[in-house]
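The values are calculated or read from the model by the stated rules, or taken from the named source; none is laboratory data. This structure is a prediction, so every number in the text was calculated from the model and none was measured. With ideal geometry, Cβ positions are generated from the backbone for all residues, glycine too; neighbour counts draw on all protein chains shown. Keep in mind that these areas ignore ligands, DNA and RNA; they rest on the heavy atoms of the full protein, side chains included. Shrake-Rupley method; radii C 1.70, N 1.55, O 1.52, S 1.80 Å.
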Amino acid sequence: MAKTHQDGEIRFDPATVLITGASSGIGAELARFYARSGRRLVLWGRDPARLEQVARDCRTMGATVATRELNLADGAAAIAAFRADDDAYPVDLLILAAGLGDMRQQAALTERAETVLELGLVNFATPAALATAGAERMVGRRRGHIVLLGSVAAFHALPFAAGYSGSKAGLARFAEALRNGLLEHGVGVTLVSPGFVDTPMSRRVSSTKPFLQSAPQAARLIARAVEEERPHLIFPRIFAGLRLLDIVLPRPIRDFVLRRLKAEQAPRPTI
Ligand SMILES: NC(=O)c1ccc[n+]([C@@H]2O[C@H](COP(=O)([O-])OP(=O)(O)OC[C@H]3O[C@@H](n4cnc5c(N)ncnc54)[C@H](OP(=O)(O)O)[C@@H]3O)[C@@H](O)[C@H]2O)c1
């Protein structure tokens, strides 16, 4: 891995990149972004056909690619799998992109307990454990970078998506704490908080999606934030303003606004 800062130019050239959620959306675009000759990609996902399609695209671009099918709801299996992959090819850049989007169905009074558990595992517990497994190895090598995909939903207590916004808020706090702990050990951490990105996840949301960005755009912004070793990337920038507003508004006003927000999301397709 080379990180060179010359004449204002920043180059980040990881030899091995491991990406979870590489079978779709932002993770798949990041895989294509980093695919090039001389680089090894380790791509994780659940859907074998989509994962293999992304792997084929990346091989065409010259990368050496290994794939792994794994359900991140099984955190212990994910930790073991990471260690096996890192033993084979030490990971320079670990991108934890996999995530689940879900919210209360319109007709329901609450979210489903099983769904909230799954969101907690896939969006928070397993990525936090994987980031720690990555950090353990990277600290020993005194190099590496870890990216965690959060969401702007973490900034707001969304009554219709307590499981999603709560899991992403937990991940955000974890990422900040991890970054502070690793700063002096040569390992970087970037938290990414996207607004709406055009992917299968957001396409299930039928309400308006303001400031929608494309997945390739998102991948470029994330890669740039990694190069610049930014602690936190929020895009589009307007969501940074909304985050501040959420912090400064008096609670009764904030709660009044949040309770009036409406969103609808089609059920997830079964894998
Ligand atoms: N799209 C947006 O508007 C948006 C906004 C804010 C944050 N984000 C975050 O960005 C990340 C990427 O989302 P996306 O928009 O690219 O969504 P996506 O197209 O639905 O992709 C989600 C990825 O996560 C993987 N995944 C989901 N559940 C999994 C599980 N239990 N085990 C293993 N892998 C699992 C999926 O694998 P399979 O498809 O193979 O199951 C897929 O590769 C997520 O963390 C999401 O929360 C997205």
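If you build a Gaussian network model of the chain, linking Cα atoms that sit under 10 Å apart, which residue out of Leu30, Leu121, Leu244 swings the most? Highest fluctuation of the listed residues: Leu244.
Quarter the surface of the alpha carbon convex hull of the range 2-260 and you get the mean projected area, 14.5 square nanometres. Helices in the chain, meaning DSSP H runs of at least 4 residues, each add -39500 (n - 2.57). Divided by all residues, the mean residue ellipticity at 222 nm is -13500 deg cm²/dmol. Taken along the Cα-to-beta-carbon direction at a fixed 7 Å, the label points for Lys262 and Leu212 span 1.9 nm.
Computed about the Cα centre, the dipole magnitude for the range 2-260 is approximately 480 debye when only Lys and Arg (+1) and Asp and Glu (-1) carry charge, each at its Cβ. With each label modelled as a point 7 angstrom along the Cα→C-beta vector, the Glu229-Ile253 pair spans 4.0 nm.
Mean sequence separation of contacting Cα pairs (under 8 Å, at least six apart), scaled by the length of the range 2-146, corresponds to a relative contact order of 23 percent. Placing +1 on the Cβ of every Lys and Arg and -1 on the Cβ of every Asp and Glu, with no other charges, gives the range 55-158 a dipole of roughly 340 debye about its Cα centre. With the full set of protein chains in place, find how many percent of the accessible area of the range 2-260 is carbon and sulfur; take the probe as 1.4 Å. Taking all protein chains in place, the range 2-260 shows 56 percent carbon and sulfur surface.
Based on C-alpha pairs under 8 angstrom that are at least 6 apart in sequence, the chain has a relative contact order of 18 percent. Backbone N atoms of the range 157-186 closer than 20 Å to the 7 Å Cα→Cβ label point of Gln106 belong to residues 159-162. For Glu176 and Arg56, what does the FRET efficiency come to when R0 = 45 Å and r is the distance between their Cβ atoms, rounded to the nearest 0.05? For R0 = 45 Å, the calculated efficiency reads 0.75. Computed over protein heavy atoms with a 1.4 Å probe, the accessible surface of the chain works out to 48 Å² per residue. Which of Ala225, Ala73, Ala84 moves the most in a Gaussian network model of the chain with Cα springs under 10 Å? Result: Ala84 has the largest fluctuation of those listed.
Each residue of the range 31-46 is assigned a 3J(HN,Hα), and the resulting list reads 4, 5, 4, 8, 5, 6, 4, x, 10, 9, 10, 10, 10, 10, x, 10 Hz, derived from the Karplus form 6.51 cos²θ - 1.76 cosθ + 1.60 (θ = phi - 60°), x at Gly and Pro. Computed from backbone phi, the HN-Hα couplings of the range 208-223 come to 5, 10, x, 6, 4, 10, 7, 5, x, 4, 4, 4, 5, 4, 5, 4 Hz, rounded to whole numbers (Karplus: 6.51 cos²θ - 1.76 cosθ + 1.60, θ = phi - 60°; Gly and Pro given as x).
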